[in-house]
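The values are calculated or read from the model by the stated rules, or taken from the named source; none is laboratory data. Note that the structure is a prediction, hence the values are computed from the model and not measured. Reconstructed Cβ throughout: ideal geometry from the backbone, glycine too, with neighbour counts over all protein chains shown.
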Amino acid sequence: MEALMGSTLKTQNHLPFYKQASFKWWMLALLLLMTSVVAMPYGYSFYQKSIIAKNNQNSVQNTLDQLLANGNTEEYSWMRTLNPKAKLIEGGVIWNLKKQQGIMKFKNLPTISKKQQYHFWIYDRATNQAVSSAIFQQRPFDPNSRLVEFKPEKPIKSPYKFILSLENVMGSGDTQILLRAQP
């Protein structure tokens, strides 16, 4: 019996090194280590972007608190359009006419491709024109509830409509109106 076991052990030791069980475990460990080293910069980059987004939100929250403390600030809720992308979005517009600035509040704003952007417009009754006030994108690292600060490119005298549209970054293609708010 011992002679039989000895010959079995001898046979296992003469297997090529790449067929031995210990070699396979070492290769698996090495492969996992290499994968984690390669993936680490991507994970760290995502972590940094989420920290930056959080810090930005804290800054915008401070601006929101200042606007709300001011007596000239008005708040309007978003009205959804029939666009299916706007189905779950909640929030509104906080606007201060004297300071000519405001904050958009969003919950469930969809993540969009890199080729798209959100564009916020204020329609002024005095000039009967739409004034661009903010362009931004929603990325996977952005929080689900988000505040976006805006300032119109030209002074607004009498706002009568706020519009959020979705458009292509290069300006070509269809512009989709997602949300609107009115005084």
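F141 meets the stated requirement of being under 16 Å from the mean Cα position of the chain (by Cα), modelled with pLDDT under 90 and not in a helix (DSSP H, G or I).
How about segment 149-163: which of its residues are touching a Lys or Arg at 6+ places or on another chain (Cβ under 8 Å) and assigned to a loop (DSSP other than H, G, I, E, B)?
K157, S158
Taken over segment 159-176, the criterion of being hydrophobic (A, V, I, L, M, F, W, C), out of contact with any Leu (no Cβ under 8 Å at 6 or more places or on another chain) and under 23 Å from I103 (Cβ atoms) is satisfied by F162 alone.
Here is a yes/no grid of residues against (1) in a loop (DSSP other than H, G, I, E, B); (2) without any contact (Cβ under 8 Å) to a residue 60 or more places away in the chain; (3) of a type in the set (A, V, I, L, M); (4) more than 16 Å from E75 (Cα to Cα):
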site: A126; (1), (2), (3), (4): yes, yes, yes, yes
site: L147; (1), (2), (3), (4): no, no, yes, no
site: S165; (1), (2), (3), (4): no, yes, no, yes
site: S172; (1), (2), (3), (4): yes, yes, no, yes
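Cβ separations smaller than 6 Å between residues 6+ apart or across chains give the following pairs from segment 63-90 residues that are touching a residue at least 12 places away in the same chain (Cβ under 8 Å) and closer than 20 Å to K161 by Cα to residues that are assigned to a loop (DSSP other than H, G, I, E, B) and of a type in the set (K, R): N72/K98.
Kindly indicate which of Q117, Q100 is farther than 16 Å from A181 by Cβ and under 16 Å from the mean Cα position of the chain (by Cα).
Criteria check complete, one pass: Q117.
Inspect all residues belonging to segment 92-113 and state whether any of them is hydroxyl-bearing (S, T, Y), free of Cβ contacts under 8 Å to residues at least 24 places away in the same chain and either under 21 Å from G71 (Cα atoms) or surrounded by fewer than 14 Cβ atoms within 10 Å (Cβ to Cβ) (or both). Yes. For segment 87-114, the candidate set comprises residues that are in a loop (DSSP other than H, G, I, E, B) and touching a helix residue (DSSP H, G or I) at 6+ places or on another chain (Cβ under 8 Å); within that set, the residue that is nearest to N168 (Cα to Cα) is P110.
Consider segment 69-86 and keep the residues that are part of a loop (DSSP other than H, G, I, E, B) and hydrophobic (A, V, I, L, M, F, W, C). The one that is farthest from P159 (Cα to Cα) is L82.
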